[in-house]
Amino acid sequence: MLYLPTRIFMGSGALSQARSYISKQGKKALIVTGKSSAHKSGVLAELLPLLKAEGIAHSVFNKVRENPDLGCVMAGKDQFLCTGCDFIIAIGGGSPLDAAKAISLAAANMLSEDQLYDETLRKKSFRIVAIPTTHGTGSEVTQYSVLTNTKTKIKAGFGSDLIFPRLAIVDGRYMTSLSITVSLNTSMDALSHLLEGIYSTNRQPLLFPMIARGIGLIIKNLPLCLKEPDNLPAREALAQASLWGGVAIAHTSTTLQHAIGYPFTTEFGAPHGLANAMFLKQIMRLYAPKIKPELSQLFDKIGMDQEEFLAWLDSFPIQLKVDLSGIKLDEWIAQILSSRNIQISPVIPTADELREIIKSVQKG
Ligand code: NAP
Ligand code: FE
């Protein structure tokens, strides 16, 4: 079964194509974004005149930091309600997009920090228009919001059909301002999502051709984009791969591949894409024996075998080594094994196997 309620506009000029649809979303938008992405990407310069011409008022909430926490969501909810907004336009990477989704639910259902993860309390939402400025999360087409609980330092996602964006406006021009590091890390996130579309026990064979195409686009265009950040066709290809990755996980959810990276982000500040990337090889090797037919079908389509693919991965600086000596690994392992991503992983490792995988990134 496939389900995707988001209307997608892609390519140069996607925002103008979406104009009449944007004007139907509401009368006053809360623009949810980070400190700099809405400006650097060029989105704001194109969006503000469009809103003015359509008679849509706005209020800007630009306080979303990387890996947003529940406190940020509450501040966004307060601003949404105090300024009389009736829909949200999210601009940025996955962080602002995910924060926007949670703000929409919190404002519509008057949820407190502690109530956000309680699905019985989610009855309605405010509409969301998502404009991604990174090519990694695919959050513009997913029902997920990934947030960090500042008190427990646990990063965890939730999913609700109520927070699928109404509109996704995906334009590679908004991504040419990304740094080389963010370009690499976010592409690795997209690659993880595409692979997880095959790994997950919820895999949908109907999506396999799209997944193989997305991985092929990353293999061809990522090296090009890192050399020539302004290369628009390469950015558009990566934006497309990221979108396909989002469509994939919207149907399958993410697996241990994601769960294992979350504590590295909360403890060591590892960017999300890098936290996935540092375990891509280990997870593929763990899962491979259980999903041989699916993987060989994928590798046939992309014209590489598994070892060639892993060697290709090695050509990028994605190996973060960290000092694990002060870490209570038993607590991490319990947290990872109890996350919602685990049950749909094709192989659930034992605590000892997981410890070995984690220790593979030990410094020294
Ligand atoms: P991000 O945290 O949104 O942004 C990373 C950095 O890139 C920020 O410093 C941001 O700047 C900057 N930036 C963004 N766009 C830019 C542009 N066009 N030009 C220059 N700088 C730009 O990164 P992300 O990797 O896209 O998102 C990661 C988050 O998404 C994580 O919390 C992850 O868990 C979540 N995620 C969600 C899903 C989902 O389905 N919902 C899937 C995977 C991951 P500013 O902060 O200054 O604006
Ligand atoms: Fe991700």
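The values are calculated or read from the model by the stated rules, or taken from the named source; none is laboratory data. Every value quoted in this text rests on a predicted model; they were computed, and no experiment measured them. Here the Cβ positions follow ideal geometry from the backbone for every residue, glycine too, while neighbour counts run over all protein chains shown. We work out accessible area using only protein heavy atoms, side chains counted, and drop any ligands, DNA or RNA first. Shrake-Rupley method; radii C 1.70, N 1.55, O 1.52, S 1.80 Å.
Looking at Ala270, Ala234, Ala241, Ala248, which one is outside the structural domain of Val141 (by TED's automatic domain parsing), touching a Ser or Thr at 6+ places or on another chain (Cβ under 8 Å) and within 15 Å of ligand 1 (Cβ to nearest atom)?
Criteria check complete, one pass: Ala241.
Check whether at least one residue in the range 343-360 is over 30 Å from Met1 (Cβ atoms) and open to solvent by less than 10 Å² (accessible area, probe 1.4 Å), and report yes or no. Walk me through it before giving the result.
Step one: list which residues in the range 343-360 are over 30 Å from Met1 (Cβ atoms), which gives 350-360.
Checking which are open to solvent by less than 10 Å² (accessible area, probe 1.4 Å) leaves us with 354, 358.
Yes, the range 343-360 contains at least one residue that is over 30 Å from Met1 (Cβ atoms) and open to solvent by less than 10 Å² (accessible area, probe 1.4 Å).
Of all the residues that make up the range 337-361, how many are at pLDDT below 95 and outside any loop (DSSP other than H, G, I, E, B)?
0
Looking at the structure I just gave you, is Val182 within 16 Å of ligand 2 (Cβ to nearest atom), out of contact with any helix residue (DSSP H, G or I) (no Cβ under 6 Å at 6 or more places or on another chain), under 15 Å from Gly93 (Cβ atoms) and open to solvent by 10 Å² or more (accessible area, probe 1.4 Å)?
Yes: the conditions hold for Val182.
Read through the list (1) touching a helix residue (DSSP H, G or I) at 6+ places or on another chain (Cβ under 6 Å); (2) closer than 20 Å to Lys40 by Cβ; (3) among the charged types (D, E, K, R), then give the number of the only condition that Arg173 fails.
(1)
Filter the range 251-266 down to residues that are away from ligand 2 (no atom under 11 Å from the Cβ), more than 13 Å from Arg203 (Cβ to Cβ) and open to solvent by 10 Å² or more (accessible area, probe 1.4 Å), then give me how many there are.
Matching residues across the range 251-266 total 1.
Could you go through the range 191-200 and let me know if any residue there is open to solvent by 20 Å² or more (accessible area, probe 1.4 Å), touching a helix residue (DSSP H, G or I) at 6+ places or on another chain (Cβ under 9 Å), of a type outside the set (A, V, I, L, M) and more than 17 Å from Thr137 (Cβ to Cβ).
No - not one qualifying residue is present in the range 191-200.
Hey, can you tell me all the residues within the range 86-99 that are away from ligand 1 (no atom under 14 Å from the Cβ) and buried (at least 24 other Cβ atoms within 10 Å of the Cβ)?
The answer is Ile88, Ile89.
Out of the residues in the range 274-332 that are in a helix (DSSP H, G or I) and among the aromatic types (Phe, Trp, Tyr), state the one that is farthest from ligand 2 (Cβ to nearest atom). Before the answer, list the steps.
Going residue by residue through the range 274-332, those that are in a helix (DSSP H, G or I) are 274-277, 280-302, 306-313, 329-332.
Now restrict to residues that are among the aromatic types (Phe, Trp, Tyr): 287, 299, 309, 312, 332.
On the way: Tyr287: 17, Phe299: 22, Phe309: 19, Trp312: 20, Trp332: 19 Å.
By that ranking, first place goes to Phe299.
Take residues that are within 22 Å of the chain's Cα centre (by Cα) and among the charged types (D, E, K, R) and tell me which of the helices (runs of 4 or more DSSP H) falling wholly in the range 3-109 contain 1 or more.
Correct list: 37-40, 70-82, 94-109.
Run His135 past the list (1) within 16 Å of ligand 1 (Cβ to nearest atom); (2) assigned to a loop (DSSP other than H, G, I, E, B); (3) open to solvent by 20 Å² or more (accessible area, probe 1.4 Å) and report the number of the one that doesn't hold.
Condition (3) is where His135 drops out.
Taking Arg203 as meeting all but one of (1) assigned to a loop (DSSP other than H, G, I, E, B); (2) open to solvent by 10 Å² or more (accessible area, probe 1.4 Å); (3) within 14 Å of ligand 2 (Cβ to nearest atom), write down the number of the exception.
Condition not satisfied by Arg203: (3).
Working carefully through the options Leu48, Leu44, Leu2, find the one that is touching a His at 6+ places or on another chain (Cβ under 7 Å) and open to solvent by 10 Å² or more (accessible area, probe 1.4 Å).
Within the list Leu48, Leu44, Leu2, the selection yields Leu2.
List pairs: first residue in the range 267-289 and among the β-branched types (Val, Ile, Thr), second residue open to solvent by less than 30 Å² (accessible area, probe 1.4 Å) anywhere in the structure, Cβ distance under 6 angstrom, at least six positions apart or on different chains.
Listed pairs, sorted by first residue: Ile283/Gln257.
Can you spot a residue in the range 151-163 that is open to solvent by less than 20 Å² (accessible area, probe 1.4 Å) and near ligand 1 (Cβ under 8 Å from one of its atoms)?
Yes, some residue in the range 151-163 is open to solvent by less than 20 Å² (accessible area, probe 1.4 Å) and near ligand 1 (Cβ under 8 Å from one of its atoms).
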